[in-house]
1. Simple spin-label model, 7 Å along Cα-to-Cβ: B:LYS7 to B:ALA24 in nm?
2. Top mean-square fluctuation among A:VAL78, A:VAL153, A:VAL230, Gaussian network model of chain A, C-alpha springs under 10 Å?
3. Along Cα-to-Cβ, 7 Å out, sits the label point; list in nm, shortest first, how far the one on B:ASP85 is from those in the other copies.
4. In nm, give the distance between the simple-model label positions of A:ALA199 and B:ARG333, each being 7 Å from the Cα along the Cα-to-Cβ direction.
5. Go through the stretch B:230-242 residue by residue and turn each phi into a ³J(HN,Hα) via Karplus (6.51, -1.76, 1.60, θ = phi - 60°); whole Hz please, and just put x for glycine and proline.
6. Which value at 222 nm does chain B reach when only helices count, each DSSP H run of 4 or more adding -39,500 (n - 2.57), with the total divided by all residues and rounded to the nearest 500 deg cm²/dmol?
7. Got a sec? Which residues of the stretch A:258-275 lose 20 Å² or more of accessible surface with every protein chain in place, vs. that chain alone, 1.4 Å probe?
8. What is the dipole size for the stretch A:98-177, taken about its Cα centre, with +1 at each Lys and Arg Cβ and -1 at each Asp and Glu Cβ, in debye to the nearest 20?
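The values are calculated or read from the model by the stated rules, or taken from the named source; none is laboratory data. All of these numbers come straight from a predicted model, not from anything done at the bench. Heads up, the Cβs are rebuilt from the backbone with ideal geometry, glycines too, and the neighbour counts pull from every protein chain shown. Protein only, heavy atoms only, side chains kept; ligands, DNA and RNA dropped before computing areas. Shrake-Rupley method; radii C 1.70, N 1.55, O 1.52, S 1.80 Å.
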Number of protein chains: 2
Amino acid sequence: MKKLINKPEDVVKEALAGMAAVHADLINVDIEQQIIVRKDAPVKNKVGVISGGGSGHEPMHGGYVGYGMLDAACPGAVFTSPVPDQMLAATRAVNGGAGVLHIVKNYTGDVMNFEMAAELAAAEDIEVVSIVTNDDVAVQDSLYTAGRRGVGVTVLLEKIVGALAETGAPLAQVADMARQVNNHGRSMGMALTACTVPAAGKPTFELGEDEMEIGIGIHGEPGRRRAKLVGAAEIAETLTTPIIDDLELKAGEQVLAMVNGMGGTPLIELYIIFNELERILKGKSISITRSLVGNYITSLEMAGCSITLIRLNDELIKYWDAPVHTPALRWGR
Amino acid sequence: MKKLINKPEDVVKEALAGMAAVHADLINVDIEQQIIVRKDAPVKNKVGVISGGGSGHEPMHGGYVGYGMLDAACPGAVFTSPVPDQMLAATRAVNGGAGVLHIVKNYTGDVMNFEMAAELAAAEDIEVVSIVTNDDVAVQDSLYTAGRRGVGVTVLLEKIVGALAETGAPLAQVADMARQVNNHGRSMGMALTACTVPAAGKPTFELGEDEMEIGIGIHGEPGRRRAKLVGAAEIAETLTTPIIDDLELKAGEQVLAMVNGMGGTPLIELYIIFNELERILKGKSISITRSLVGNYITSLEMAGCSITLIRLNDELIKYWDAPVHTPALRWGR
């Protein structure tokens, strides 16, 4: 295992300490409890928006805490759900009196723990609505999930919903927007290499020198199929076609497109995939109106990529374009 | 070789096409000539600021073209200097009548070609000043360079100098600022793994499962020494001590600190290195006043990191904080 770490058991806390030092202007980090909270939380009369999940997917979710996006994030151990107590503490910390939205990726552990946290919050008279993202078209029911997994859409949803919450919209409306974005978004990913969880010390799976894994989630869990490595054009086609079909995207529609790196893939390759994605969509007269290319939801040092498309309308574009100021996404201020 | 590419010979042009599609609001890309130019270039009466070098270091330099940073970038083939004709075309494209600054990393090929481009520009009555960055404390005279290599400082210098140029400052002043930043900045890097140039198809060097290379440049060229892999604390110490010594940083001084990933290292590890860097500097009463953590000057998919420190003063902080709007760095607008 070759990593820039000290002891495996200290990885998350030391990374949080680093994050706290780099972004002291934006976030407060409770390193013991593992909670990242927006500096000015709770914002009075604003819906608090929180998310969380295993570590190892950076910059998700902690990198999205700040103005116009999340109010708090609670990272678990690497590839392990945070516990209900963390989520409850985050919920309390961002409760400005207008209720709290929990954004939960559909992985069994996360869903269960967020449910328990929501019950605990309700017992303290904090109104919580949970929405579960499930955008991964690769598989129905997989290693860690019943139903579709929640992946790339989660990041884009956090941006759009965070912008709406920033306007002072009520909890029901913020939750409706979250459901809308999830319904109109789909993703699919692939891996060229596995990754190694520090505490495990060995790769989560093995891939031959000429193989790739199609339809991975974000933990290196098995996907649709293992296949012989092909070129970028064919890979982009393999990932994009099921998304277009499932979303029933039609000529004349417009999308927000993300080409996401899994952590170990250089930007030059992600731009090549984007070039292929654009060609495919142009061939179907679908316009990429907004886009994002880079490492946004990762699996440690895994090489590979995922593609996410969200059907856009004017309202979603407005909230996508609204100012955001977080460690990992920033524009407009 | 496992990469998200089509034919190795098409990597740079296809990545440029992807970049052009993603960032059409910011840049114009001449894919044939391999030149990335700021959308509103030439800006009348503003010093044009350009840089260039081999591809494979993304987001450098193309990702830094835009308001408040570079006016143009000319990427060569992977790990290969661009040619003088490219540099000349970029120089022409950004000449708004106030002259052009060439920012050149000290690699023999780049220096030679930029010199020739400057002569060609002079023959067309375009005033050019070249400044050469040479911040790498790891080695004197290495595989591709006489003297120190130009590495991480180049990125930070492009930001600071670009902000000054945006104010309408004259060429001599912009060049002076560039020299000042270079003189007050130093870097050192290390690799956990090698990387593979697409056209070569095999790794640039071999490293054992328990080895690391200390003092690499940005092409996987040999460094100071090969050593047994150690923990993040010791790695940070090994990289930081020569920088502090060489800069003669003293208690009470303040720095801009960059922890840069080489392309294949996940963000969670870079935050751990930053945490160690902060501990080391705090121990010497040196303050990190500004910082940047992420993949900014890379070597394809190499795993590893580099640390860059620049001694700050109020003027440098002012230009660092000034708005910037490029594909890879954005704040304040």
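1. So the two model labels end up 2.6 nm from each other.
2. In the Gaussian network model the winner is A:VAL230.
3. Ordered by distance, the counterparts are at 6.8 nm.
4. Inter-label distance under the simple model: 4.7 nm.
5. 3J(HN,Hα) across the stretch B:230-242, in whole Hz: 10, x, 4, 4, 6, 4, 4, 4, 4, 7, 7, 4, x.
6. About -10500 deg cm²/dmol.
7. Correct list: A:GLY263, A:GLY264, A:PRO266, A:LEU267, A:ILE268, A:GLU269, A:TYR271, A:ILE272, A:PHE274, A:ASN275.
8. Computed about the Cα centre, the dipole is about 320 debye.
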